[in-house]
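As structure tokens, the structure follows; a few thoughts come after it.
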Amino acid sequence: MLSHCAGRACHVLVLVLCLSAAEDFDWTKNDHGSFYYGTFPTGFSWGAGSSAYQTEGAWDKDGKGLSIWDVFSHKKGKVFLNDTGDSACEGYYKMKDDMSLMKELNLNHYRFSISWPRVIPTGIRSDYVNEKGIKYYDTLIDQLLENKITPIVTLYHWDLPQVLQEKYGGWQNISMVNYFNDFASLCFERFGNRVKHWITFNNPWSVAVEGYETGEHAPGLKLRGTGAYRAAHHIIKAHSKVWHTYDNQWRNKQNGMVGISLSGDWGEPVDITNLKDIEAAERYVQFYMGWFATPIFHGDYPQVMKDFIGRKSAQQGLGTSRLPTFSSQEKSYIKGTCDFLGVGHFTTRYITQKTYPPGRGSTYFTDRDLAELVDPRWPDPGSEWLYSVPWGFRRLLNFVKTQYGNPVIYITENGVSEKMKCTELSIRDGVNVKGYTAWSLLDKFEWDEGFSERFGLYYVDFRNKNKPRYPKASVQYYKRIINFNGFPNKREVENWKRKAIETCSSSNQLLAAEEQRSTAANILRLIHDPLTSHMEMVTEIVVPTVCTLCILISAVFLMFLLSRRN
């Protein structure tokens, strides 16, 4: 029910605006900041996001091929309650409905992903291009532009074609670089005249670690200590090749940009006076975001990753590091392949030094030599891995500014589940943030958590086959932030919260009315359909009763025969 959002005027975000000070923010200092009122720069873009597998449904319709998530979610025990994305939000069939929600919000942009197996069922372009899949995305892009909403398109949001996983081992195989480049080239060719913002990969950390190290995500492989590093290596190469393809073949014709979306939790030292904790906290961020960002901006992996993984590999008796290496030519080719950086951020951890002894059981997690902690005073999250730590976001953005030369940034994922309140977006410090994407437009399939977590601005009733949408409190709140391009003053913001709660209450009433209507319809069906009622009675009462009596009679008869034998 929507009652979780009553009393919570901010479901997805309370942006903290920092515009007043001119000096640079020092992310190494222990200043947690406060709330600032004001507006964002003119032209700042506000949006919402989604991904294909999480929202579209229609998993086997109109020529779509299987993805690794189709196969993974159909295996019992892989997803909470054995949920699947087979129908998800039915977004494939509800494009016009969802477009009206975006218009209601006055979104400047909408971020979505193109399903690779929907447009190339086998993943191999030379095999077959599915024109029905092309038409679906053509229509979506055209409708967005007709409504003055800028499309921001992700090429890979985790739904690798299953054929590529089965034939080649997916991202463990270098051949994915060329297959992905062929897919990206098709998208540039068909959609690039209208799409000007491309994201190659969404959160490749999850693809590598949860897909090939822990096995929590598709394809579910547990190649501990090697699988994640190999997958990440190929993903970085694939990203850089796609960037060069666009740069060489399409940029002059289409005038677009190609970036990547990297997720990163902030790591804060447990003891800010302890050098080992300080180093461990930075190591946490480098093993997370730096793993991908440092090669893309500087040409090679973070030195701390090379040192730690190399040393642990040697202690295992391995001749070479488990972390792959780039040749000098590859370093030059990869460096600078980013027109903008998408940043996804959800939470923060306290970090302390913890040395793991060398052994044959080394993993990505033990390679880091650290332990993660949370502060029990942080707001109780709706998800076990999320904690509301607004100042951590500001620190992460300033880390990016310092480490990578202040790149153009779009916040591509920033949202929280229902018990969360606050996120911080700071541009006061000179961080070059151009846009913000609330994650997400709709409640949706949340990977291994199924439908148990809700991140949407709009509540989706997954029990109803039509998947109706209802606005949460955050819809009216976010709409006012967009209309004011920020936070005008405390009194106005408090008024937004009050009105947002009223909206949430109205949505609760609508949903309750829908449930009552459904219940009443079922009762009437039983009244007016005596045969159905009779059959249900037979199925639910008579059959079990008869079966029970048969068992009892058989038991009594068996006891009688045994007594006669004795």
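The values are calculated or read from the model by the stated rules, or taken from the named source; none is laboratory data. Quick caveat: nothing in here was measured; it's all calculated off a predicted structure. Virtual Cβ from ideal backbone geometry, glycine too; neighbours counted across all protein chains shown. The area values use the complete protein model at the heavy-atom level, side chains included, leaving out ligands, DNA and RNA. Shrake-Rupley method; radii C 1.70, N 1.55, O 1.52, S 1.80 Å.
Going through region 335-390 one residue at a time, which ones are closer than 20 Å to G49 by Cβ, in a loop (DSSP other than H, G, I, E, B) and modelled with pLDDT of 95 or more?
Residues satisfying the conditions are C338, D339, F340.
Looking at V195, is it under 21 Å from I334 (Cβ atoms) and surrounded by 20 or more Cβ atoms within 10 Å (Cβ to Cβ)?
The answer is no for V195.
Open to solvent by 30 Å² or more (accessible area, probe 1.4 Å), modelled with pLDDT of 95 or more, aromatic (F, W, Y) and in contact with a helix residue (DSSP H, G or I) (Cβ under 9 Å, 6 or more places away or on another chain): is that true of W116 in this structure?
No; evaluated as a whole, the condition is false for this residue.
Quick one: I527 ticks every box in (1) over 30 Å from S73 (Cα atoms); (2) at pLDDT 90 or above; (3) β-branched (V, I, T) except a single one, so which number is it?
Answer for I527: the failing condition is (2).
Does region 194-230 hold any residues that are in contact with a Pro (Cβ under 8 Å, 6 or more places away or on another chain) and of a type in the set (G, A, S), and which are they?
G211
Just to be sure before I move on: is A58 on the phi > 0 side of the Ramachandran plot and open to solvent by less than 70 Å² (accessible area, probe 1.4 Å) in the structure I sent?
It is true that A58 is on the phi > 0 side of the Ramachandran plot and open to solvent by less than 70 Å² (accessible area, probe 1.4 Å).
If we keep just the residues of region 430-440 that are within 12 Å of the chain's Cα centre (by Cα) and in a loop (DSSP other than H, G, I, E, B), which is surrounded by the fewest Cβ atoms within 10 Å (Cβ to Cβ)?
S440
Check whether at least one residue in region 312-319 is open to solvent by less than 40 Å² (accessible area, probe 1.4 Å), within 30 Å of V408 (Cα to Cα) and touching a helix residue (DSSP H, G or I) at 6+ places or on another chain (Cβ under 9 Å), and report yes or no.
no
Residues of region 41-87 being touching a strand residue (DSSP E or B) at 6+ places or on another chain (Cβ under 7 Å) and part of a helix (DSSP H, G or I), which ones?
A52, Y53, T55
Given the criterion open to solvent by 20 Å² or more (accessible area, probe 1.4 Å), at pLDDT 95 or above and aliphatic (A, V, I, L, M), identify the matching residue among I296, I278, I236.
Result: I278 is the single residue among I296, I278, I236 that is open to solvent by 20 Å² or more (accessible area, probe 1.4 Å), at pLDDT 95 or above and aliphatic (A, V, I, L, M).
What residue, of D265, D271, D247, is acidic (D, E) and over 29 Å from the mean Cα position of the chain (by Cα)?
Going through D265, D271, D247 in turn, just one is acidic (D, E) and over 29 Å from the mean Cα position of the chain (by Cα): D271.
Which one of these does Q403 not meet: (1) open to solvent by less than 10 Å² (accessible area, probe 1.4 Å); (2) modelled with pLDDT of 90 or more; (3) in contact with a helix residue (DSSP H, G or I) (Cβ under 9 Å, 6 or more places away or on another chain)?
Status for Q403: all satisfied but (1).
Please work out if R224 is in a helix (DSSP H, G or I) and open to solvent by 10 Å² or more (accessible area, probe 1.4 Å). Can you show your working first?
Working: in a helix (DSSP H, G or I): no; open to solvent by 10 Å² or more (accessible area, probe 1.4 Å): yes.
So R224 does not fit the description; no.
R368 passes all but one of (1) surrounded by 16 or more Cβ atoms within 10 Å (Cβ to Cβ); (2) of a type in the set (K, R); (3) within 30 Å of R454 (Cβ to Cβ); which number fails?
Condition not satisfied by R368: (3).
Is it true that V129 is part of a loop (DSSP other than H, G, I, E, B), open to solvent by 10 Å² or more (accessible area, probe 1.4 Å) and of a type in the set (A, V, I, L, M)? If you could, list the steps in order and put the result at the bottom.
Details: part of a loop (DSSP other than H, G, I, E, B): yes; open to solvent by 10 Å² or more (accessible area, probe 1.4 Å): yes; of a type in the set (A, V, I, L, M): yes.
It is true that V129 is part of a loop (DSSP other than H, G, I, E, B), open to solvent by 10 Å² or more (accessible area, probe 1.4 Å) and of a type in the set (A, V, I, L, M).
Mind checking which residues of region 141-193 are outside any helix (DSSP H, G or I) and free of Cβ contacts under 8 Å to residues at least 12 places away in the same chain?
K148, G169, S175, listed by residue number.
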